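Trainee: Next up is a structure, given as structure tokens.
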């Protein structure tokens, strides 16, 4: 009896397994991808090393390499309009598209290594990078000409957000520390919003990105090293960038950093960084929750099309996608306790690209929900943990497949809960 009790107690201590709701896409490249931007949920580009630019028009299902006139590293991209976009990188090149990334033409360029680019509209934008004396380049004619702008000190400019003609934020880093500057006149002059000074190499700072969700509230991300311990930091300003406070951090964790931050609306924000780290806020940045991404790769840039659909790119050609905001896949429906075990038919069925699977359990059980092909090969494990009594829904999409070329046809999903087991079939159409 003691042995049985011990085994039961041990099983109850097994932690619940959380499956990533950021699904890895097949980018077709192993080169580092530095930035990603979408004009709608389906059409977007990712840019990276050696002049690599890939484009999708079907939400990341397929990516096509777009030939360019440069083989330099592309570090930044932005689309201020649905059809008009820009890319920039080493040696100061700036390329422009007027057909949502299908073709690219040269602009007059900037003459510095451009680390970041931000446009207010299709014609007015600014670049920043490694120019002498904190040089930036500003255009008001869609890149036909660029004029110089300067921050007060020669920082390397890694992030910027051109929110409005009266609100431009840039962040930078050098051997002395990190800084955020604010301009209220499109970069003609700047004031310091945040100054982080290194302290004899025992405390070192870096800032990588800045993003404002409205004219008052913005966030900046970076890293901090304190006596050899690394932290990934998020700073927040609630007064239009005049002052900043350290608001959230992860660490200590060797080599950790937040590289990018993006808000899709006033409430929903995401930050991404090294070691596969993604955090999400659903209350305007007041609180942040670490998400499960299923990767340890360095993530360089995150872009949310809306609160649920987003993309992130990183080193080694990795691209991740979420269609549910990165939350754990299953969720309880309502508050009523179910009186039976049941597996419902998925809906819609047939489906493309996604469907919902609903099931009920009547008592706390160890639950397994798996997808199989017609040959019995396991495609995906959607649930694998203890669940309380209730009714649950979980999404499944073609992005769960390791190979997106899986043929259309019949697939099976099987629920096991306690002694209950049931299998149903569903049809994927293409």
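Trainee: How big is D for the chain, in µm² s⁻¹ as a whole number, if Stokes-Einstein is applied with the Kirkwood radius of its Cα pairs at 4 °C and 1.567 mPa s?
Mentor: 56 µm²/s
Trainee: How long are the semi-axes of the equivalent ellipsoid of the range 40-93, taking √(5λ) for every eigenvalue λ of the Cα gyration tensor, in whole Å from largest down?
Mentor: Working: eigenvalues 79, 36, 12 Å².
So the three semi-axes of the range 40-93 are 20, 13, 8 Å.
Trainee: Another question, then. Counting only DSSP beta bridges with both residues in the range 211-262, what percent are antiparallel, rounded to the nearest 5? Intermediate values should be presented prior to the final figure.
Mentor: Values: 16 of 16 bridges.
Antiparallel: roughly 100 percent of the beta bridges in the range 211-262.
Trainee: In addition: Using the 10 angstrom Cβ neighbour count as an exposure proxy, how do 57, 423 rank, fewest first?
Mentor: Values: 57 16, 423 12.
Least crowded to most crowded, the residues run 423, 57.
Trainee: Using alpha-carbon pairs under 8 Å, 6+ residues apart, how would you state the relative contact order of the chain in percent? Walk me through the numbers on the way to the answer.
Mentor: Numbers: 1237 pairs, mean separation 48.3, N = 430.
Answer for the chain is 11 percent.
Trainee: Related question: If you rank 204, 427, 136 by fewest surrounding Cβ atoms within 10 Å, what's the result?
Mentor: Numbers: 204 21, 427 14, 136 27.
Exposure proxy ranking, most exposed first: 427, 204, 136.
Trainee: Rounded to the nearest 500, what is the chain's calculated 222 nm mean residue ellipticity when only DSSP H runs of at least 4 contribute -39500 (n - 2.57) each, over all residues? Don't skip to the end; give the middle numbers.
Mentor: Working: 1 runs with 11 residues, N = 430.
The helix contribution divided over the chain gives -1000 deg cm²/dmol.
Trainee: Determine the principal axes of the Cα atoms in the range 66-115, then give the extent along each, sorted from largest to smallest and rounded to whole angstroms.
Mentor: 27, 21, 18
Trainee: Let me ask something else. Using the eigenvalues of the Cα gyration tensor, what equivalent ellipsoid semi-axes result for the range 156-287 when each is taken as the square root of five times the eigenvalue, whole Å, largest first?
Mentor: 23, 19, 11
Trainee: So, one more: Taking 8 Å as the Cα distance limit and 6 or more residues as the minimum spacing, I'd like the relative contact order of the range 68-121 as a percentage. Could you put the intermediate results ahead of the total?
Mentor: Values: 117 pairs, mean separation 18.8, N = 54.
That works out to 35 percent.
Trainee: Further question on the same structure: For the chain, take the longest principal axis of its alpha carbons; what is the angle in degrees between that and the long axis of helix 2-12, to the nearest 10 within 0 to 90?
Mentor: 40 degrees
Trainee: Between residue 422 and residue 91, what's the calculated FRET efficiency when r is the beta-carbon distance and R0 is 56 Å? Round to 0.05. The partial results should precede the final answer.
Mentor: On the way: r = 61 Å, r/R0 = 1.09.
So the FRET efficiency works out to roughly 0.40.
Trainee: A further question on this structure: List 248, 396 from most exposed to least, where exposure is judged by having the fewest other Cβ atoms within 10 Å.
Mentor: Fewest-to-most Cβ neighbours within 10 Å comes out as 248, 396.
Trainee: Can you tell me the FRET efficiency between residue 71 and residue 166 if r is taken as the Cβ-Cβ distance and R0 is 56 Å, rounded to the nearest 0.05? Working shown, then result.
Mentor: Details: r = 39 Å, r/R0 = 0.69.
The pair residue 71/residue 166 has a calculated efficiency of 0.90.
Trainee: Same structure again: With springs only between Cα atoms under 10 Å apart, run a GNM on the chain and tell me which of 118, 186, 108 wobbles the most.
Mentor: 108
Trainee: Let me ask another. Could you work out the Kirkwood radius for the range 219-316, taking every pair of different alpha carbons, averaging 1/r and inverting it, reported in Å? Present the calculation step by step, with values, prior to reporting the outcome.
Mentor: Values: mean 1/r = 0.0739 Å⁻¹.
Kirkwood radius, the range 219-316: 13.5 Å.
Trainee: Relative to the present Cα-Cα distance, how much length would full extension add between residue 286 and residue 203 at 0.36 nm per residue of separation? Display every interim value, and only then the final one.
Mentor: Values: separation 83, 0.36 × 83 = 29.88 nm, distance 2.61 nm.
Contour length minus Cα-Cα distance gives 27.3 nm.
Trainee: Let me ask something else about it. Take every DSSP beta bridge with both residues inside the range 80-128 and express the antiparallel ones as a percent of the total, to the nearest 5.
Mentor: 100 percent
Trainee: Extension gain residue 216-residue 377, at 0.36 nm per residue separation less the Cα-Cα distance, in nm? Could you put the intermediate results ahead of the total?
Mentor: On the way: separation 161, 0.36 × 161 = 57.96 nm, distance 5.24 nm.
Computed gain between residue 216 and residue 377 is 52.7 nm.
Trainee: Something else now. Give me the percent relative contact order of the range 92-238, please, defined on Cα pairs under 8 angstrom at least 6 residues apart. Don't skip to the end; give the middle numbers.
Mentor: Values: 379 pairs, mean separation 19.7, N = 147.
Relative contact order for the range 92-238 comes out at 13 percent.
Trainee: Please list the equivalent ellipsoid semi-axes of the range 144-234, computed as the square roots of five times the alpha-carbon gyration tensor eigenvalues, in descending order and whole angstrom.
Mentor: Numbers: eigenvalues 127, 44, 20 Å².
Whole-Å semi-axes of the equivalent ellipsoid: 25, 15, 10.
Here, each number is a calculation from the coordinates, and none is a lab measurement. Here the structure is a predicted model, which is why all the values come from computation and not from measurement. Positions of Cβ are backbone-derived with ideal geometry, glycine not excepted, and every protein chain shown enters the neighbour counts.
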